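Step one of this worksheet: look at the structure below.
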Amino acid sequence: MGGLLTVKGPFDPVNPSHATFDLFVQAQSCKDVKHHFAELCKQLDINPKDFRSFYGKLKERLNYWKAKALWAKLDKRASHADYQQGKACTKNKCLVLGAGPCGLRVAIELSLLGAQVVVLEKREAFTRNNVLHLWPYTICDLRALGAKKFYGKFCTGSLDHISIRQLQLILLKVSLLLGVEVHTGVEFQGLIEPSGDSGWTANLQPRSHPASAFQFDVFISAGGGRFVPDGFKHKELRGKLAIGITANFINRNTAEEAQVAEISGVARIYNQKFFQDLLAQTGIDLENIVYYKDDTHYFVMTAKKKSLLKKGVIKQDYSNADELLAPVNVDREALHSYAHDAAHFSTGGKLPDLQFARSQSGQPDVAMFDFTCMHRAENASFVKERRGKKLLMALVGDCLVEPFWPLGTGIARGFLAAFDTAWMVRSWGMGIPHLKVLAERESVYQLLSQTTPENTSKNYAAYSIDPKTRYQRVNLSAIHSNQVRNVRDLSHSCPFDLSVFALSESFSGSEELLKWCQNHTAGYANVHVKDFTHSWRSGLALCALIHHFRSHLIDMSALDESSAAHNFHLAFSILEKELGIQPVMSAADLANSSEIDKLSMVLYLTQVQKAFSSPAKGERSGIGYFFLKVKKRKKVKTEKEMRMGDDDNVSLGFLVRFCLSRFMIVVIVLMSMIQPCDLCPQTPAPPVSPELTLVPDSAPEPEPNTGGSMTNSEECYFCGHRVYVLERVSAEGKFFHRSCFSCHECGITLRLGGYAFDQSTGE
Ligand SMILES: NC(=O)C1=CN([C@@H]2O[C@H](COP(=O)(O)OP(=O)(O)OC[C@H]3O[C@@H](n4cnc5c(N)ncnc54)[C@H](OP(=O)(O)O)[C@@H]3O)[C@@H](O)[C@H]2O)C=CC1
């Protein structure tokens with residue numbers, strides 16, 4: 001218990017661990033934080049790797065009033081019911097990539113849930129001077145973690161910003177105190193799949209790093225905007241050319257400097273005169289500028305290309321932003337002058353001696369970057385499974401949604417995503433089936449890009465990892481389990497999963513289908529078919545198609561563009577009744593989903609096209625029929641139609657492969673051995689029924705007496721809800737949702753070949 005008592009002065013006995021704690025709290029570099037932390041652990045004789053009891057022992061052994069004030073804060077946070085007294089995730093091991101603010105923030109939450117958490121950071125030092133704007137809730141959140149104890153100046157008065165470096169230091173200290181293992185100077189280079197007895201591990205640089213041996217079941221990437229792990233795809237949102245410049249000047253903290261007013265965001269449209277004067281006096285032409293005072297004087301501005309060219313900052317004009325801003329095309333000296341003069345002008349020349357702060361590389365801390373394109377991940381979560389070992393993956397921070405700096409969304413949305421991710425890991429730790437976990441995470445993710453300080457809850461004190469405490473209107477089941485099949489990769493355990501196919505295949509050759517839709521919907525009011533997603537949102541386009549071919553079945557004048565659910569319902573019912581085409585998803589889901597799934601839509605419209613192009617009404621349709629037709633057509637396909645790789649196109653080639661792959665399921669499944677559920681070893685599967693047969697849903701529909709009539713196929717054998725074509729799997733003549741086909745004992749989703757059927761109970 002405790003260290004030796006030393007005497008500093010006659011009335012000032014100091015426990016060395018108290019002094020070390022003070023040094024730890026005040027440390028201003030990553031290296032010092034780690035050094036004093038290690039020292040503290042040594043003095044108190046606590047092993048920091050003993051993450052489960054580390055914080056408890058620390059509290060017990062460091063009987064110091066300053067520390068106690070911090071414990072009170074951390075205890076308050078830890079006592080929240082969401083964490084279940086730190087037992088919600090005791091079985092989970094989490095690897096977090098990146099010790100930026102978002103990586104560290106999520107690591108803190110995971111440790112409060114009781115998980116073992118390891119953070120990897122390739123940088124050795126925290127050197128980023130840039131200053132981040134904080135939304136009110138983030139200030140509240142950081143205060144509750146003791147930010148002010150670590151950084152006295154934290155958001156004093158009306159200040160609502162902090163440098164990245166200071167923020168990282170605060171979060172690093174909290175992380176360490178809670179038992180998170182943080183390794184700096186180590187680069188994550190990829191995941192290593194389980195083999196033998198080993199679970200998921202990471203390929204690190206340096207290779208011999210001890211964290212290489214860490215086996216985990218949760219992997220969180222918080223590696224910043226440029227890092228996108230396998231399994232995730234980014235969408236690009238392209239705006240008009242926007243060139244940002246950041247500049248940091250030394251803050252000597254003089255009284256004179258303190259007097260200079262910050263600029264929390266001046267946009268051209270709000271202060272025309274300021275920008276006109278700036279242009280007239282300096283030749284600098286900006287769209288907006290922000291100035292924050294923190295460890296440095298930090299300026300960030302959007303500059304117009306023309307003025308950068310005129311001032312010689314950009315040497316040569318290119319239409320491609322990468323070429324335009326390539327280092328060889330930028331005159332650094334001219335850039336420094338440009339940033340300096342803009343800072344000087346916008347502060348009325350009141351900052352006396354503007355000298356650049358130094359960046360990590362020792363250069364003046366000035367950067368010019370292009371934010372014409374913003375990236376956003378298509379999905380926030382992903383599940384991989386290899387050799388029966390599942391890995392939950394998630395993105396947080398800039399690698400999930402790139403922020404738009406003028407709005408200060410970086411930390412605000414970064415932390416929201418960190419909390420949402422922790423909530424997902426909590427569900428994972430509590431054994432909720434993975435499709436449900438993914439569906440809930442993706443439901444919440446839909447809201448992230450729309451969040452503002454105004455539309456999120458104002459009850460900041462009540463914020464927790466539970467999304468309902470933060471988002472005003474959140475529907476945790478906005479996305480259904482069957483819509484997230486494409487965010488998992490169970491290829492080794494479930495080689496026939498449609499999702500794997502959908503994920504790995506780009507489809508091509510759908511121009512023909514699109515043209516067909518356009519031709520037959522042209523001229524209908526409020527119908528403009530341009531793609532397979534947005535154009536179908538209102539349901540009117542589908543109704544128009546029906547009307548074109550069977551005008552007696554639908555009254556277009558009675559339809560309202562805003563009643564999407566009604567329009568889809570009507571169209572689906574007619575197409576099903578008249579042409580036997582089963583809907584791929586429910587009308588309500590389609591109307592409410594923020595994004596229509598292209599693959600489902602193409603599959604559906606292809607059937608519609610076939611049916612309407614058929615000579616006789618009522619001719620067999622559906623996938624089985626379609627399979628035959630496609631096979632015939634395949635012979636006359638041109639090379640162009642077979643082309644792969646154009647993401648905007650879906651081809652018959654794809655559909656042929658799709659059908660063939662589903663057909664192969666029958667063959668391979670019949671050949672495969674019946675295996676027990678991997679994750680349920682304590683309950684060996686009873687002998688398999690010799691009558692076992694698996695019916696592929698892509699094969700021709702079974703005859704009425706074989707147990708799989710059209711009517712039966714519409715209801716899931718297990719849950720009783722409707723099964724749509726794309727989610728349908730069948731065995732023993734029963735149709736069911738893939739996700740409902742779960743182990744009786746442990747609830748894990750079963751392989752098609754990994755079950756036993758009890759004829760007597762029907763289970
Ligand atoms: N210039 C600016 O103003 C910047 C601002 N931000 C802001 O910071 C906030 C938080 O961002 P956050 O999402 O946490 O991301 P950050 O960029 O702050 O942190 C990610 C960290 O992960 C490191 N990293 C990347 N790849 C690997 C790897 N393979 N192995 C180990 N470490 C790796 C990065 O190093 P490295 O950076 O060397 O790749 C970086 O230190 C946001 O608000 C964002 O807008 C973030 C970056 C720059």
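The values are calculated or read from the model by the stated rules, or taken from the named source; none is laboratory data. A quick note: this is a predicted structure, and the numbers were derived from the prediction, not measured. FYI the Cβ positions are ideal-geometry reconstructions off the backbone, even for glycines, and counts take in every protein chain you see.
Descriptive notes on the structure:
- Residue count, segment 79-106 (criterion: within 15 Å of the ligand (Cβ to nearest atom) and assigned to a helix (DSSP H, G or I)): 6
- Check on ALA261, within 15 Å of the ligand (Cβ to nearest atom) and either under 28 Å from CYS89 (Cα atoms) or over 25 Å from the mean Cα position of the chain (by Cα) (or both): no
- Considering each residue of segment 374-396 in turn, at least one proves to be within 8 Å of the ligand (Cβ to nearest atom) and either closer than 22 Å to GLN472 by Cα or assigned by TED's automatic domain parsing to the domain that holds GLN355 (or both).
- Residue within segment 134-152 that is among the polar types (S, T, N, Q) and more than 16 Å from the ligand (Cβ to nearest atom) present: no
- Here is the figure for segment 317-357: residues that are at pLDDT below 95, under 23 Å from ASP295 (Cβ atoms) and surrounded by fewer than 17 Cβ atoms within 10 Å (Cβ to Cβ) total 5.
- All conditions but one from (1) at pLDDT 95 or above; (2) not in a loop (DSSP other than H, G, I, E, B) apply to LEU132; the one that does not is (1).
- In segment 108-128, the condition of being in the same structural domain as GLN472 (by TED's automatic domain parsing), within 10 Å of the ligand (Cβ to nearest atom) and within 23 Å of LYS57 (Cα to Cα) is met by at least one residue.
- Residue count for segment 225-258 satisfying the condition of being small (Gly, Ala, Ser), closer than 29 Å to LEU97 by Cβ and within 16 Å of the ligand (Cβ to nearest atom): 4.
- Selection status of GLU385, in a helix (DSSP H, G or I) and among the charged types (D, E, K, R): no
- Subset of segment 142-165 (residues that are surrounded by fewer than 24 Cβ atoms within 10 Å (Cβ to Cβ), part of a helix (DSSP H, G or I), within 29 Å of the chain's Cα centre (by Cα) and not small (Gly, Ala, Ser)): ARG143, ILE164, ARG165
- In segment 166-204, the residues that are within 11 Å of the ligand (Cβ to nearest atom), touching a residue at least 60 places away in the same chain (Cβ under 8 Å), surrounded by fewer than 20 Cβ atoms within 10 Å (Cβ to Cβ) and not in a loop (DSSP other than H, G, I, E, B): HIS183, THR184, GLU187
- Residue within segment 403-415 that is modelled with pLDDT under 90, touching a strand residue (DSSP E or B) at 6+ places or on another chain (Cβ under 9 Å) and farther than 28 Å from ALA339 by Cα present: no
- Verdict on ALA72 being surrounded by fewer than 16 Cβ atoms within 10 Å (Cβ to Cβ), closer than 17 Å to THR184 by Cβ and not assigned by TED's automatic domain parsing to the domain that holds LEU395: no
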